[in-house]
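Written out below as structure tokens is the structure these notes cover.
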Amino acid sequence: MMPELGKYAETVLGAYAASFALLALLVGASLWQARRARRALDEVEKRERARHAD
């Protein structure tokens, strides 16, 4: 059920593909950064707990 795009079909579909690829890249980068931040925070919290345990 795709609308008739005529001579612009290749351009429009290419734009959709590029948009979806960029969106996937942004989501992936955000998830990767969130995991890095979580690991760093866990490490800081671990050091703080060890420091206060003494």
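All of Ala9, Ala21 fail the test of being of a type outside the set (S, T, N, Q), surrounded by 10 or more Cβ atoms within 10 Å (Cβ to Cβ) and modelled with pLDDT of 95 or more, apart from Ala21.
All of Glu43, Glu10 fail the test of being charged (D, E, K, R), more than 25 Å from the chain's Cα centre (by Cα), at negative phi and in a helix (DSSP H, G or I), apart from Glu10.
The values are calculated or read from the model by the stated rules, or taken from the named source; none is laboratory data. None of these values were measured; they are calculated from a predicted model. Methodologically, a virtual Cβ is constructed for each residue, glycine included, from the backbone with ideal geometry; neighbour enumeration extends over all protein chains shown.
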